Every structure is written in structure tokens, then in C-alpha cells.
Amino acid sequence: MYLTVTIPEDTKCLLKLGQIVDFNSPFLENKIISDISIPVANKLHIPSDKIFNYLKKFVGDAIDSGEVFAEKKSVINNYKVVSDSKGIIKEINHQTGEVTISTSISRSGYIKSYFKGEVVELEKKYLKVKTAEIREFNLKQATSDFGGETIYLKDSTKPIFATQSSNKIMVTESVTSYLQAKAEALGIKGFVTLKNPPQVSNLANALIKIIDDFKMILHLNLPYCLINKQFSKIYFYK
């Protein structure tokens, strides 16, 4: 039984193959992607349209900080262009004579895992996690990838408390304005419902596509869920 977890672009996955992951495990490190344009033709004193003749790196090539990626040799002088940053060659413009390098800088802090299990496959854009039992259902829509421990609210008239709901995903048929405000105050991480909440919120939300699926979800009462926005899927598991 495997969960498929998307690894967003502009992030670095901090998990390792074979790792046992829980909700406290560091999962993603955010990165800032920036483009740096270098006037190679000017630095080499050459016409812009001749830039390709002097390059050592081309579009898609990786480049290290301090690496020479363009050079012009002559009897009198040698001109070199050195990259100040580590990155990828994004563009070579023969009209302006510039080379654009895409670089990434790590932001402080990290995102904790919102799933549990053993990492059994780790790729650039996704990973797979092994768990004991999984049930998969289709979503109508989802605001983001999210997940965590579930709390099932079958009767919205019953009281809910922070001790039972904090940092959990609430599964309930519909959300009233009162319930939404109370859930936010109690530290709920998100909702899984049949209907959109009445107000715009910072809380994550996923809509189950089929009513009978929602009834099955309540019956299964599995302790964890994972939402994959890209594939419009929700996994309930243990």
C-alpha cells in the first residue's frame, strides 16, 4: 500500500530513502529561484552574435560558483567569464550577448511532513510512502496538498475541543460559518467536506466528489488522510 506525495517545484526534499516519516519529520526546504544575466559579449569584447563560439556551457548545463563558462583566447590577452553563483544555464541571447543563469537560494526554516510511513521511492517530483492500509477516493477540488491526523465530525451540534482537534484535518459533510471560525480558533489544519466552506479562509480544504464515497469514508474511520491536489485524490490510511 503506497501513498504518492508530490514534491513541489522550487523546494528541496529533506527525506531519505528508507526513512520512517512522522508528522514531526522535516519534509521540504523552501528555495528562492532567481535569474542572473551576465553580459558575456561585453566581458569578452566580442560581437553579441558571436557569443556561442566562446561558450563552454550551454542551455540546461549545470554550473558551479567560480567556474569559467566563457573564454576568449588571443596572442595578447585572455578574457574569461566566471560564474559567481551555482545554477543552471537558462538562456543564451545572441542579440544582447547575455547569458542567464537560474540560481536557487534556500530560505530559513522548513515544512514538516503531513504524512506518515516509510519512504520506499524517492524521485525529483514525487515520493512514495508505504503504509499498512490505504483507501483512495476522487476529489472535486482541493486548495493544496495537505494532510494529517483526522477528526470525524458526524454531528455538528456536538462540542469539539482543542485537545481532540488541534493540528488535525476535520472530516465533516458541511461547514457552517460558526464551525469554520471555531475550528480555526481550535487549531484545525484543514477540512474534508462535500461542500465549500461559506467563507474564504487560510485553512486548506478538499471536496469529496461522490456522496457515497463520503459515506464510506465516515464508515472506515481511518486515522490519517493525505490530499494530492495534482491528481485530485485523497488517501485515507493507517
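Each reported figure results from applying straightforward, stated rules to the coordinates on display, with no laboratory input. Keep in mind that this is a model prediction, so the values were computed, not measured. Cβ: placed from backbone, ideal geometry, glycine included. Neighbour counts: every protein chain shown.
List of remarks:
- Considering only 7, 102, 53, and ranking their Cα positions along the charge dipole of the chain that arises from unit charges at the beta-carbon of Lys, Arg, Asp and Glu, the one farthest toward the positive end is 7.
- Ordering 210, 63 by the number of other Cβ atoms within 10 Å of each residue's own Cβ, fewest first, gives 210, 63.
- Per-residue ³J(HN,Hα) for the stretch 163-179, Karplus 6.51 cos²θ - 1.76 cosθ + 1.60, θ = phi - 60°, Hz, x for Gly and Pro: 5, 9, 10, 4, 6, 10, 9, 8, 9, 8, 4, 8, 10, 8, 4, 5, 5
- Pair-distance profile P(r), taking every C-alpha pair of the chain, with 10 angstrom steps and integer %: 7, 25, 22, 15, 13, 11, 5, 1, 0
- Ordering of 161-169, 143-151, 37-45 by burial proxy (mean other Cβ atoms within 10 Å per residue, highest first): 143-151, 37-45, 161-169
- Around the amide H of residue 231, modelled in the peptide plane, lies no amide H under 5 Å away from a residue 5 or more places distant or on another chain.
- Label-point gap, in nm, between residue 79 and residue 158 - each point 7 angstrom along Cα→Cβ: 7.7
- Volume per residue that the Cα convex hull of the stretch 32-106 spans, once the total is divided by residue count, Å³: 74
- Residue 30-residue 61 FRET efficiency (beta carbon distance; Förster radius 22 Å; 0.05 resolution): 0.30
- Among 121, 67, the ranking by other beta carbons within 10 Å of each residue's beta carbon, starting with the fewest, stands as 121, 67.
- Most mobile listed residue (31, 90, 16) in the chain, GNM with C-alpha springs under 10 Å: 90
- Point-charge dipole on Cβ atoms (K/R +1, D/E -1) for the stretch 32-106, about Cα centre, debye to 20: 260
- Full extension of the chain between residue 9 and residue 167 yields a length gain of 54.4 nm, computed as 0.36 nm times the residue separation minus the alpha carbon distance.
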